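Trainee: First the structure, then my questions, so here it is.
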Amino acid sequence: MDSLLETVQQHLGPNEITQISQQLDVDPTTARSAIAAALPMIVGGMAQHATQPSGADAIQQSLASHDGVLAHLAGLLGAGGPADGGSLLGTIFGQHQAPVQQGVQQASGLDSERARRLIMLLAPIVMGVLARRYTNNQSNPGQLGTVLQQEGQIAQQRAQTQAPQLGGLLGQIFKDL
């Protein structure tokens, strides 16, 4: 099975990259680079939040409302993300939201508002992939937490391989959280 990062990236083709670049008011190359920097941060932040019982519960409960998001991806991106974006970020990151946003900002080079918008666009996609994988599998929050921790480690390893400064930044975020 592909990693969470690989599966999310499979859903982000040229049309989706163009929509994200338009939402961020950047060129597609910058958007693609920012997405590559943001996804490991998002997965890492979710993994850290899932280490806490209440965090894993919150993520598990939120999965049901994201089942089917991938089928409506064009509409979601065209609308600029979910209407409840701020509450979604609180649900999946908890108190780790600010470090994740700062990490995305630093790793991507986007300003703080664009980094936040990017996270708001990508987080539902990550949740949609998780929902597709785990809503029907009768997984419990503990199992989901374990899976997210494994995915966080994969994200950190991939980030370290692709861009050592990004992997180091993600490692620092994990340490600080």
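Trainee: Within the stretch 31-41, identify whether any single residue is surrounded by fewer than 20 Cβ atoms within 10 Å (Cβ to Cβ), free of Cβ contacts under 8 Å to residues at least 40 places away in the same chain and of a type outside the set (Asp, Glu), and answer yes or no.
Mentor: Taking the stretch 31-41 as the starting set, the residues that turn out to be surrounded by fewer than 20 Cβ atoms within 10 Å (Cβ to Cβ) are 32-33, 36.
Checking which are free of Cβ contacts under 8 Å to residues at least 40 places away in the same chain leaves us with 32.
Those left that are additionally of a type outside the set (Asp, Glu): 32.
Yes.
Trainee: Here is a follow-up. Failed condition for residue 112, given (1) touching a helix residue (DSSP H, G or I) at 6+ places or on another chain (Cβ under 9 Å); (2) surrounded by fewer than 16 Cβ atoms within 10 Å (Cβ to Cβ); (3) at pLDDT below 85, with all others met?
Mentor: For residue 112, the exception is condition (3).
Trainee: Go through (1) within 16 Å of residue 130 (Cβ to Cβ); (2) in contact (Cβ under 8 Å) with a residue 60 or more places away in the chain and name the single condition residue 118 misses.
Mentor: Residue 118 satisfies all of (1) within 16 Å of residue 130 (Cβ to Cβ); (2) in contact (Cβ under 8 Å) with a residue 60 or more places away in the chain except (1).
Trainee: Please list, ordered by residue number, the helices (runs of 4 or more DSSP H) wholly in the stretch 7-101 having 1 or more residues that are at pLDDT 85 or above.
Mentor: 14-24, 28-50, 53-63
Trainee: Please work out which residue is nearest to residue 112 (Cα to Cα), limiting yourself to the stretch 1-31 and to residues that are of a type in the set (Asp, Glu) and more than 17 Å from the chain's Cα centre (by Cα).
Mentor: Among those that are of a type in the set (Asp, Glu) and more than 17 Å from the chain's Cα centre (by Cα), it is 25.
Trainee: Consider only pairs whose beta carbons are under 6 Å apart and that are at least six residues apart or on different chains; among these, list those whose first residue lies in the stretch 57-71 and is in contact (Cβ under 8 Å) with a residue 60 or more places away in the chain and whose second residue is hydroxyl-bearing (Ser, Thr, Tyr) and crowded, with 18+ Cβ neighbours inside 10 Å.
Mentor: Within 6 Å, the pairs are 62/91.
Trainee: Where residues in the stretch 118-177 are over 15 Å from residue 49 (Cβ atoms) and not in a helix (DSSP H, G or I), which of them is modelled with the highest pLDDT?
Mentor: So, considering only residues that are over 15 Å from residue 49 (Cβ atoms) and not in a helix (DSSP H, G or I), the one modelled with the highest pLDDT is 140.
Trainee: Hey, any hits in the stretch 3-22 for a residue that's under 15 Å from residue 144 (Cα atoms), touching a helix residue (DSSP H, G or I) at 6+ places or on another chain (Cβ under 8 Å), surrounded by fewer than 22 Cβ atoms within 10 Å (Cβ to Cβ) and in contact (Cβ under 8 Å) with a residue 12 or more places away in the chain?
Mentor: yes
The values are calculated or read from the model by the stated rules, or taken from the named source; none is laboratory data. Just so it is clear, the structure is predicted and the values come from calculations on it, not from any experiment. All Cβ positions, glycine included, derive from the backbone under ideal geometry; neighbour counts span all protein chains shown.
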